[in-house]
Amino acid sequence: MLQAHAPEPPSLASKSSDKDHRTPVLLWWRNHFDLVWRRGWKAGYWHQDRFYQSYSWLQRRLVEEYVQSAQKDGTSFEIEQALSLRNYLEFRPGHLPVLRQLARERRFDLLGCGEAVIDTNQCHGETLVRNLASGTRYGRKILGIEQPIGGRYDGFGHSAQLPQVFRQCGYRWVTSLAYAKPDADYWKGIDGSIVFTRETDFGGRDHFYDHCYYEPCPVCSGTGGTAGGDCPACSGAGFDRSADMFPDTPPLSPEEVDGPFALYRVRSEEMFIDAALPEKLRRWNAGQDKFAYRWGLLRDAWPYFENDIAAVDHPPAHRLCASAELNPTQTGTLVTRMRLKQAIRRAESTFYSVERFLALQSDGLDPLRRKTLESLWRELPLLFFHDSITGTLADPPANEMIAVADRVTDEARRLCGALPRTHAWEPGQRLALYNPDASGQPVDVECLTSSPLLLRGSQGSTIVAAPAVPLDLVAREPDLIALAANSRLRPPVPTTGTWISPRPLDMETFVAESVAPPVIDDTARRWSSDAFVIEWDERGLKEIRSAGTNAVLTTRGQSSPNDLILEEDIGDPWGTRDLRRARRPLGGETRLAGFRCTDTFAEWVFTGVLRGNRAFGRETDTSVFGLEWTQTLRCQTGSRRLDFVTEIYWKSCNRRIRVIFPTPARSDTGWYGIPAGRIKRDRYEMKENFLWSPNGDWPALDFFSTDPAPGETGVALLNRCTVSSRIEDGALLLSLLRSPGFGSCLERYAQDYPIPHEGIRDPGYHLFHYALAAVEGPDDLPAVAALAAAYNQPVLPLPSGTPAPTAFSFPAPLTVLGCKPAWDGAPGVVLRLLNNHDAPFERTLTAGPVRSWQRLDPMENPLGEPSEDTDLHLNLRPFEIVTLFARTEAHPRHK
């Protein structure tokens with residue numbers, strides 16, 4: 001049994017004393033704790049008549065052994081993520097005093113990885129910041145100690161904004177930058193923030209035991225129980241512990257250590273502890289005079305790098321990483337399991353829309369709803385875990401994460417009273433719409449209906465005609481109706497010096513009415529709006545021009561704009577494993593199905609089928625069983641977006657589907673969106689075929705574009721969830737689907753460990769949304785980034801008469817990353833702002849209903865004294881993120 005008070009440990013983790021001249025060798029227990037991958041998080045699953053316990057259950061048992069070993073043998077251990085610690089304390093809430101005591105004795109540490117080691121290529125900028133801030137805040141509060149060292153254990157690539165996020169959360173040393181490793185000791189992000197990154201070349205030995213993945217207990221089939229109670233073979237755990245095989249752990253030899261200290265690491269991902277190791281160390285210490293083996297923590301290596309860490313703001317130039325980001329890597333993970341990705345991104349965007357709406361309610365947020373909101377948010381780091389959103393997980397965990405994402409979406413909507421996603425708008429029904437985006441961009445409204453609608457504003461606002469797609473065509477997915485840019489749903493562009501509007505201008509009551517179908521014209525081959533000129537023929541689109549400049553945006557060459565490409569892609573969920581990547585354009589098999597328009601709206605529909613594969617048993621591509629597609633183009637007057645909807649039905653193996661937009665740019669260089677910023681990248685070409693070799697695609701959050709020179713017009717492609725992007729000789733290529741043939745890491749190293757992974761090939765029906773926009777020179781990129789962000793931020797349909805919240809709007813290029821209630825329930829809102837420009841931002845902003853300002857760190861600790869001046873003075877570096885608390889008039893519930 002664990003004891004409430006641990007015995008006083010020996011001073012094992014300190015430097016050698018004056019009497020002990022041996023080189024210290026530090027070691028501790030640590031597994032990499034996956035939250036989902038081979039197993040589910042909270043849900044176990046049956047497969048081939050055996051039950052596979054969840055990671056949450058496994059990790060509780062592992063931490064239990066760590067703590068018992070620390071109490072009995074004076075050992076030490078680390079946990080990477082706050083969610084793993086939260087999970088253990090749900091299981092053993094009475095053991096918090098034990099963990100606090102071990103933390104004070106420096107025999108237990110929670111590393112600074114955030115709530116989870118998330119994928120930092122596919123999440124919103126607010127998720128990027130809050131994941132680390134929330135995990136750090138929790139660790140400091142629950143353990144009473146500061147975490148000095150950050151980590152990115154097993155993350156598939158690292159965003160160029162991570163140095164800033166780590167620094168703002170108090171970390172100067174960041175370790176374990178896996179896969180895309182730094183080429184020098186210091187890493188500088190796009191805002192200028194720098195972190196120290198050295199970890200792997202300390203000397204010593206690293207035993208990473210890849211083969212320790214536990215199968216279900218053969219006696220109880222993994223359930224942990226028998227008719228008589230707990231299974232005697234596994235003590236109720238459900239794991240086959242007879243398979244415990246620990247790596248050979250001989251003592252170090254002198255040639256393995258070249259420095260003032262060394263590490264001796266014995267680690268894995270599921271491995272229970274080797275109970276014989278503490279006694280081994282005692283024998284080693286007694287039998288030689290070269291090394292002093294000591295149980296310690298990674299933080300005990302800090303003194304050996306103290307000078308390097310102290311120089312983090314002004315490091316020598318030759319010790320800086322060559323790149324501001326540590327990507328690309330594992331880009332196959334950016335394509336697989338698209339339904340999961342779409343569900344997760346929908347949950348994230350819906351949550352932040354709801355959170356902003358609730359935070360700005362005039363009567364405040366009661367404690368119960370605030371607690372529910374915080375609980376819902378903590379599902380996001382789980383969903384964005386690096387083996388979840390990436391799609392590298394087994395089928396049952398993937399289904400569990402889709403269910404979690406759908407629950408977050410639905411519960412968030414219910415929390416603010418939004419109409420259900422399956423709600424049909426009936427003629428004459430009144431509703432209110434809340435637009436959370438404050439950038440002045442056109443917005444989309446989810447509408448599930450079988451007939452075209454007309455939205456009429458209650459105060460005589462612009463009438464918006466929008467034909468809808470029939471229900472049987474979209475397979476129960478909601479149609480997206482583009483609202484005109486000059487409708488009252490478009491927030492007003494803020495005037496100079498006024499950035500918080502005291503009036504609710506972003507919400508209005510609308511009435512939905514049926515309208516007659518628009519005229520269908522099958523003979524027209526050219527159509528213009530105020531933003532685009534579009535030409536087409538029976539085969540597809542011929543050319544898209546900018547109506548303002550007449551510049552060609554995309555034109556037909558070897559492929560037409562929006563053509564699909566079928567590509568050979570042999571590999572697994574992590575990446576392509578064959579350098580041969582033959583492509584087959586599908587444009588020649590696409591045909592015009594119809595065109596319809598009104599004075600302000602036009603819609604084109606193209607369809608296609610892989611004709612050579614229609615004859616059963618005579619398929620021309622034997623790796624594709626079926627492939628059919630429908631592509632819809634919609635152009636709305638008043639919008640600078642050209643919207644595309646592509647529907648695909650397929651069953652295949654080792655294939656990829658891309659969509660292509662040829663442009664006149666003739667360059668491989670372009671701009672790519674990242675969480676809370678953007679970065680310029682050159683083309684990357686795949687050169688190797690090992691497991692973690694990059695594939696040649698870059699992640700592009702929300703958008704990517706060509707790189708126009710001043711005075712030139714470029715082209716941007718906006719995306720929702722489909723972030724795998726590539727530019728080849730000016731052509732924009734967006735990957736939509738991928739069907740890896742083998743699970744690879746899901747079964748590798750444990751061939752007898754059966755893993756259900758057929759879902760990685762994404763068979764069946766899929767629906768994709770993306771959009772095209774002109775880029776009017778490099779100075780237009782912040783506006784394009786705002787357009788892409790609004791494209792990914794849903795409007796909330798609410799019952800008519802819902803009270804409108806305060807409306808926030810900001811002068812460009814300021815972007816609102818987050819707007820939330822304070823963690824401590826103080827009256828007001830916490831705002832996270834981004835200077836979304838590669839130039840400094842310095843300005844004084846005049847507030848509306850704000851009593852005082854307080855600058856915070858991301859954990860919401862105050863930085864300096866609050867300002868009673870209602871004017872806000874901001875001086876921000878390029879791409880700098882700032883957290884502020886706007887104290888408003890006290891809500892009635894807080895008085």
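Cross-link reach is defined here as a Cα-Cα straight distance under 14 Å, omitting same-chain residues fewer than 8 places apart; for Lys290 the aspartates and glutamates meeting it are Asp20, Glu255, Glu256, Asp258.
At q = 0.11 Å⁻¹ the log10 of I(q)/I(0) for region 795-862 amounts to -0.36, computed by Debye summation with a single uniform scatterer per C-alpha, solvent ignored. Per-residue extension of 0.36 nm, minus the Cα-Cα distance of Glu65 and Gln48, leaves a gain of 3.2 nm for this segment. Heavy-atom accessible area for Leu281, with the other protein chains in place and a 1.4 Å probe, reaches approximately 10 Å². Over all Cα atoms in region 63-203, the spread is summed up by Rg and Dmax: 15.5, 47 Å. In terms of its C-alpha gyration tensor, region 712-826 has an oblate overall shape, because the principal axis ratio a/c (a ≥ b ≥ c, square roots of the eigenvalues) is not below 1.5 and a/b does not outweigh b/c.
Peptides 671-683, 305-317 ranked from most to least packed, by the mean per-residue count of other Cβ atoms within 10 Å: 671-683, 305-317. Counting Lys and Arg as +1 and Asp and Glu as -1 over every other residue whose Cβ lies under 13 Å from the Cβ of Pro799, the net charge comes to +3. Sorting Val552, Val645 on solvent-accessible area from highest to lowest, probe radius 1.4 Å, gives Val552, Val645. When peptides 568-575, 809-816 are sorted by average Cβ neighbour count within 10 Å, with the highest value leading, the order is 568-575, 809-816. Other residues with beta-carbon under 11 Å from the beta-carbon of Leu781 carry, at +1 per Lys or Arg and -1 per Asp or Glu, a net charge of -3.
Ile190 sits among other residues whose Cβ lies under 14 Å from its own Cβ, and their net charge, with Lys and Arg +1 and Asp and Glu -1, is +2.
For the listed residue pairs Lys341/Lys820; Lys42/Lys188; Lys72/Lys371; Lys341/Lys651; Lys141/Lys371; Lys188/Lys680, the alpha carbons are over 27 angstrom apart in Lys42/Lys188; Lys72/Lys371. Remark: relative contact order (region 723-833) = 13 percent; criterion is Cα-Cα distance under 8 angstrom and separation of 6 or more residues. With the highest mean first, a sort of the peptides 347-353, 221-227 on other beta-carbon atoms found within 10 angstrom per residue produces 347-353, 221-227. Length gained on full extension, Phe616 to Asp289, computed as 0.36 nm times the residue gap minus the Cα-Cα distance: 110.3 nm. Here the Kirkwood formula, the inverse mean of 1/r across different C-alpha pairs, assigns region 58-121 a hydrodynamic radius of 12.2 Å.
Counting 0.36 nm for each residue step from Asp682 to Asn875 and taking away their Cα separation leaves a gain of 66.4 nm.
Its residue count N sets the reference 2.2 N^0.38 Å, and the alpha-carbon radius of gyration of region 557-653 equals 1.31 times that reference. All alpha carbon pair distances within region 774-895 were sorted into 10 Å bins beginning at 0; the resulting P(r) in whole percents reads 11, 38, 34, 15, 2, 0. As a calculated quantity, the FRET efficiency between Ser235 and Glu568 at R0 = 35 Å, using C-beta atoms, amounts to about 0.10. The alpha carbons of region 636-726 give a radius of gyration and a Dmax of 15.2, 49 Å, in that order.
The values are calculated or read from the model by the stated rules, or taken from the named source; none is laboratory data. Because the structure is a prediction, the values reported are computed rather than measured. Note that each Cβ is placed from the backbone with ideal geometry, even for glycine, and that neighbours are counted across all protein chains shown. In case anyone asks, the SASA skips ligands and DNA or RNA and just uses the protein heavy atoms, side chains included. Shrake-Rupley method; radii C 1.70, N 1.55, O 1.52, S 1.80 Å.
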